[in-house]
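The values are calculated or read from the model by the stated rules, or taken from the named source; none is laboratory data. Only a predicted model underlies this, so the values are computations on that prediction, with no experimental measurement involved. Neighbour counts are summed over all protein chains in view; Cβ atoms, including those assigned to glycine, are modelled from backbone coordinates with ideal geometry.
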Amino acid sequence: MSAPGPTPAEREEKGIARLSMGAALGIAGAAVALVAPIVFVLIVAFAPGGFFTFQTTFVEVTGALVIAGAVLLLVSLFVYRRAFAQLRKVDRRFVAASVLCLVGSLGFLLLIVAATLVIGNSGSLLSCVKGQPSHALTCLRSGNALGAYTGLAGFWLGWLGGVGIVLGVSFAGSRFGRGAFYGGAVTYAILLLLLIGPFLNLLTPVPGIRYLLWGVPVFSLVAPGLVLAGSRTAAAGGSPR
């Protein structure tokens with residue numbers, strides 16, 4: 001006779017543990033890929049000097065941070081997907097979240113490729129932009145079309161992966177009755193909306209973009225932090241609803 005498979009309770013325990021790990025990796029990835037680069041850009045915009053000026057070294061260092069953080073976020077999304085894949089075996093609502101996270105993983109891979117291409121072409125990009133960020137996408141298309149379109153596809157696929165996290169975390173809140181999960185889902189949703197603003201600013205100037213830039217690093221840390229808190233309280237006890 002074959003050994004019995006994991007019980008529903010054991011699958012839920014594994015799913016919660018993976019949610020916790022995915023959230024922890026998300027915090028690390030957000031700090032490296034979003035918080036540090038955005039803070040650097042704001043310093044360049046409002047208090048430039050020394051390293052914090054729009055020049056090749058700054059772009060290369062910032063790009064390296066984005067790549068490192070994107071790798072962490074890719075692993076985070078992969079772990080989230082595994083969490084939802086485990087939970088879908090006891091609750092079919094998690095299927096959509098698992099599929100969207102898989103799509104998002106492809107997006108982050110494309111973003112990593114695009115960031116690598118941009119770093120390799122940073123000199124010509126800087127010459128084209130000349131301090132006008134709204135020209136960035138046009139300059140990318142003219143100087144490195146592959147990098148521009150790869151980044152464009154990667155952004156939207158990664159954005160869909162974020163939608164998967166919102167769905168999965170909200171379903172976890174419903175199943176385990178933890179308010180922190182609901183808070184994490186709402187905060188992730190707000191973050192997804194905030195990320196559209198800086199992306200649109202590459203196409204055309206967006207009024208008040210600085211306020212959106214301040215919001216992105218805050219919500220990118222708060223969202224996985226709430227998921228981490230919800231995972232720990234769910235693991236501490238209590239059966240699902």
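Say whether the condition of being modelled with pLDDT under 75 and β-branched (Val, Ile, Thr) is met by at least one residue in the stretch 124-131.
Looking through the stretch 124-131, at least one residue is modelled with pLDDT under 75 and β-branched (Val, Ile, Thr).
Within the stretch 96-103, identify whether any single residue is closer than 19 Å to Gly173 by Cβ and surrounded by fewer than 19 Cβ atoms within 10 Å (Cβ to Cβ), and answer yes or no.
Among the residues of the stretch 96-103, at least one is closer than 19 Å to Gly173 by Cβ and surrounded by fewer than 19 Cβ atoms within 10 Å (Cβ to Cβ), which makes the answer yes.
Taking Val206 as the residue in question, decide whether it is modelled with pLDDT under 95, outside any helix (DSSP H, G or I) and crowded, with 16+ Cβ neighbours inside 10 Å.
yes
From Val44, Val61, Val113, Val66, grab the single residue that is in a helix (DSSP H, G or I), surrounded by 20 or more Cβ atoms within 10 Å (Cβ to Cβ) and β-branched (Val, Ile, Thr).
Val66
Can you tell me which residue is surrounded by the most Cβ atoms within 10 Å (Cβ to Cβ) among those in the stretch 47-58 that are touching a residue at least 24 places away in the same chain (Cβ under 8 Å) and outside any helix (DSSP H, G or I)?
Only one residue fits best here, namely Phe54.
Any residue that is under 14 Å from the mean Cα position of the chain (by Cα) and among the aliphatic types (A, V, I, L, M) - is there at least one of those in the stretch 84-100?
yes
Might you check whether a residue that is in contact with a Gly (Cβ under 8 Å, 6 or more places away or on another chain), among the charged types (D, E, K, R) and assigned to a helix (DSSP H, G or I) occurs anywhere in the stretch 74-81?
Among the residues of the stretch 74-81, at least one is in contact with a Gly (Cβ under 8 Å, 6 or more places away or on another chain), among the charged types (D, E, K, R) and assigned to a helix (DSSP H, G or I), which makes the answer yes.
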